[in-house]
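Below is one structure, written out as structure tokens; the observations come after it.
The values are calculated or read from the model by the stated rules, or taken from the named source; none is laboratory data. Here the structure is a predicted model, which means the values were calculated and not measured. In this analysis, Cβ positions are derived from the backbone assuming ideal geometry, glycine residues included, and neighbour counts consider all displayed protein chains. We work out accessible area using only protein heavy atoms, side chains counted, and drop any ligands, DNA or RNA first. Shrake-Rupley method; radii C 1.70, N 1.55, O 1.52, S 1.80 Å.
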Amino acid sequence: MQNTIEIGSKKINYTVTKSSRKTIGISVSLKYGVRILAPKKVSDRQIAQAVNEKAAWILKKLSYFEQIKSEIPELNFIDGEKITLLGKKYTLRVNVSPSLTDSSVKLSGNSIIVSLPEDATGSLSDSVRKHLIDWCKEYTKEIVSERVEHFSKIMDVIPAKLVIKDLKSIWGSCTSRNVININWKIIMAPMAVVDYLVVHELTHIKIKNHSKQFWKMAESIYPNCKACSEWLKQNGHKLTF
């Protein structure tokens, strides 16, 4: 449900989703705008009041996202474009051939090659994007699995499971059952940042918060933690298709 509240000369548009949660939550993102998650029994007036109370923070976030829009790569998924993997730029090569029966994606030198049958359904760019994302998820799993194995031995921890998925607003998480979730888009960041994210989530197996003790432990394993965390804050919005 779309709603609008006026704050002085500015307007805040927001969507409301009600569920069985107990409190009102507000999130602001570049992709989804202002989203309100509220308990089922909360009235529209109470929600509007919550938005009004957080208006300064919301407007600051919206202003920031407006500024960084120009930094986000606009890809059309056509031959010759640049795709970033592990901090390195690769040239996208699109190969469409009637002789192909299956689609494939592979790295070759400085190129990432997407091969498609000539009779592929849908638009070519949509098909290229879909296959790239599917491949990136698998590539992320391959790279991150190796790094998890590496750092798990050093840290003497064993994650219950590693899940690569599309996380809307975070880069990773560690559940109460020690399942590690990693955002597949981290594969676009430099390897140092990938390593930081792995160490960060593995540290949560031992410490389920972001206390000084948590950061001390993480930095004892990976001294560049704070620098990589800051890099993600400054550049994370660029890591997208």
Query raised in the report: Could you list, in sequence order, the residues of the stretch 178-205 that are among the aliphatic types (A, V, I, L, M) and more than 20 Å from Lys161 (Cβ to Cβ)?
Result: Met188, Ala189, Met191, Ala192, Val193
Report summary line: Flagged pairs (Cβ under 7 angstrom, 6 or more apart or on separate chains; first in the stretch 226-241, of a type in the set (Phe, Trp, Tyr); second in a helix (DSSP H, G or I)) are Trp231/Val193; Phe241/Arg129; Phe241/Leu132; Phe241/Ile133
Query raised in the report: Just for the stretch 46-78: of the residues that are open to solvent by 70 Å² or more (accessible area, probe 1.4 Å) and of a type in the set (S, T, N, Q), which one is modelled with the lowest pLDDT?
Result: Ser70
Query - Of residues in the stretch 210-241 being in a loop (DSSP other than H, G, I, E, B) and out of contact with any helix residue (DSSP H, G or I) (no Cβ under 7 Å at 6 or more places or on another chain), the one surrounded by the most Cβ atoms within 10 Å (Cβ to Cβ) - result: His210
Query raised in the report: Does any residue in the stretch 22-35 that is closer than 23 Å to Thr240 by Cβ come within less than 6 Å, Cβ to Cβ, of a residue that is open to solvent by 60 Å² or more (accessible area, probe 1.4 Å) and assigned to a loop (DSSP other than H, G, I, E, B) six or more places away or on a different chain, and which pairs are these?
Result: Ile26/Lys54; Ser29/Ser169
Query raised in the report: Can you pull out the strands (runs of 3 or more DSSP E) entirely within the stretch 1-112 that have at least 3 residues that are farther than 18 Å from Val128 by Cα?
Result: 2-7, 10-19, 25-29, 33-39
Query raised in the report: Would you pick out the residues in the stretch 11-45 that are loosely packed, with under 15 Cβ neighbours inside 10 Å and at pLDDT below 90?
Result: Ser29, Lys31, Tyr32
Query raised in the report: Exactly one of (1) buried (at least 20 other Cβ atoms within 10 Å of the Cβ); (2) assigned to a helix (DSSP H, G or I) is unmet by Ile205. Its number?
Result: (1)
Query raised in the report: With respect to the numbered conditions (1) within 26 Å of Val28 (Cβ to Cβ); (2) under 19 Å from the mean Cα position of the chain (by Cα); (3) without any contact (Cβ under 8 Å) to a residue 40 or more places away in the chain, which one is the sole condition not fulfilled by Trp215?
Result: (2)
Report summary line: If we ask which residues in the stretch 148-177 are open to solvent by 40 Å² or more (accessible area, probe 1.4 Å) and either of a type outside the set (A, V, I, L, M, F, W, C) or part of a loop (DSSP other than H, G, I, E, B) (or both), their number turns out to be 16
**Report entry** Hits in the stretch 112-144 - residues which are open to solvent by less than 30 Å² (accessible area, probe 1.4 Å), in contact with a strand residue (DSSP E or B) (Cβ under 7 Å, 6 or more places away or on another chain), modelled with pLDDT of 95 or more and not aliphatic (A, V, I, L, M)
**Finding:** Ser115, Thr140
Query raised in the report: Exactly one of (1) more than 30 Å from Glu138 (Cα to Cα); (2) in contact with a Pro (Cβ under 9 Å, 6 or more places away or on another chain); (3) open to solvent by less than 40 Å² (accessible area, probe 1.4 Å) is unmet by Thr84. Its number?
Result: (1)
Report task. Scan the stretch 178-199 and give yes if some residue there is modelled with pLDDT of 95 or more, surrounded by fewer than 17 Cβ atoms within 10 Å (Cβ to Cβ) and under 26 Å from Ser27 (Cα atoms), otherwise no. Result -> yes
